[in-house]
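Written out below as structure tokens is the structure these notes cover.
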Amino acid sequence: MFTFTPQNLQKIEALKSRYPSPNALALPLLWMVQEQEGTISLEAMEAAAPFCDLPPIELYRIATFYTMFKLAPTGRHHIQLCKTLSCALCGKAEILAHLQERLGIGVGEMTPDGRFSLEQVECLGSCGTAPVMQINDVNFENLTPKKIDEILKALS
């Protein structure tokens with residue numbers, strides 16, 4: 001059963017005074033859960049919901065909307081490939097196929113050694129340099145299969 005650590009319970013109490021409504025605690029609570037556990041489970045959402053006066057389904061909706069929240073374990077190098085229009089028009093399909101071939105995994109999967117995971121996400125805010133992917137918190141832009149090979153080699 002998920003419970004917040006005593007330190008996180010103290011943080012929650014301190015945060016309550018900073019927000020006009022308990023609902024505003026939703027994002028900070030999800031961050032705390034992820035920081036504490038590594039991922040955000042349904043059980044953790046149920047435990048966090050009373051603190052922000054929202055039903056657990058609302059926390060689920062928030063957690064699934066934002067790409068920075070992880071509902072399942074990811075690889076050490078979590079690759080997020082933009083799937084929106086600019087990237088699609090600039091070759092995202094070729095980049096995705098190349099990543100899948102090189103890593104031997106599909107979207108939503110992790111390599112058996114836990115080194116890489118692959119996900120398609122909404123806009124990464126770099127439309128002028130499409131196609132773009134993010135590995136952990138670093139953007140890689142103007143992607144080509146050759147550039148992908150160089151990036152993956154550097155991570156090896």
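The values are calculated or read from the model by the stated rules, or taken from the named source; none is laboratory data. Being a predicted model, the structure only gives us computed values, none of them experimental. Backbone-built Cβ (ideal geometry, glycine too); neighbour counts: all protein chains shown.
Name the residues in the stretch 97-143 that are among the polar types (S, T, N, Q) and either buried (at least 17 other Cβ atoms within 10 Å of the Cβ) or without any contact (Cβ under 8 Å) to a residue 40 or more places away in the chain (or both), would you?
Let us first name the residues in the stretch 97-143 that are among the polar types (S, T, N, Q), namely 100, 111, 117, 120, 126, 129, 134, 136, 139, 142.
Result: Gln100, Thr111, Ser117, Gln120, Ser126, Thr129, Gln134, Asn139, Asn142.
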* Structure fact -> Picked from the stretch 100-127 (must be assigned to a loop (DSSP other than H, G, I, E, B) and of a type in the set (Ser, Thr, Tyr)), the residue farthest from Phe140 (Cα to Cα) is Thr111
* Structure fact -> Those residues of the stretch 10-44 which are part of a helix (DSSP H, G or I) and either outside the structural domain of Tyr60 (by TED's automatic domain parsing) or of a type in the set (Ser, Thr, Tyr) (or both) amount to none
* Name the residues in the stretch 99-125 that are modelled with pLDDT of 95 or more and touching an Asp or Glu at 6+ places or on another chain (Cβ under 8 Å), would you? -> Arg102, Val107, Ser117, Leu118
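Could you list, in sequence order, all residues of the stretch 53-69 that are aliphatic (A, V, I, L, M) and either farther than 22 Å from Gly125 by Cβ or at pLDDT below 95 (or both)?
Applying the first criterion (aliphatic (A, V, I, L, M)) to the stretch 53-69 yields 54, 57, 59, 62-63, 68.
Selection gives Leu54, Ile57, Leu59, Met68.
Regarding Gly125, is this residue touching a strand residue (DSSP E or B) at 6+ places or on another chain (Cβ under 9 Å), of a type in the set (Gly, Ala, Ser) and closer than 20 Å to Thr74 by Cβ?
Details: touching a strand residue (DSSP E or B) at 6+ places or on another chain (Cβ under 9 Å): yes; of a type in the set (Gly, Ala, Ser): yes; closer than 20 Å to Thr74 by Cβ: no.
Criteria not met by Gly125.
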* To do: Could you please find all residues in the stretch 69-96 being of a type in the set (Lys, Arg) and either part of a loop (DSSP other than H, G, I, E, B) or surrounded by fewer than 20 Cβ atoms within 10 Å (Cβ to Cβ) (or both)?
  => Lys70, Arg76, Lys83
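Going residue by residue through the stretch 45-52, is there one that turns out to be part of a helix (DSSP H, G or I), within 27 Å of Gln134 (Cα to Cα) and at pLDDT below 95?
Initial filter on the stretch 45-52 (part of a helix (DSSP H, G or I)): 45-52.
Right, trim to within 27 Å of Gln134 (Cα to Cα) and you get 45.
Imposing the further condition that a residue be at pLDDT below 95 reduces the set to none.
So far as the stretch 45-52 goes, no, none of its residues is part of a helix (DSSP H, G or I), within 27 Å of Gln134 (Cα to Cα) and at pLDDT below 95.
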* **Near pairs, Cβ below 7 angstrom, 6+ apart or cross-chain, from the stretch 12-37 (modelled with pLDDT of 95 or more) to any residue that is loosely packed, with under 13 Cβ neighbours inside 10 Å and hydroxyl-bearing (Ser, Thr, Tyr)** => Gln36/Thr5
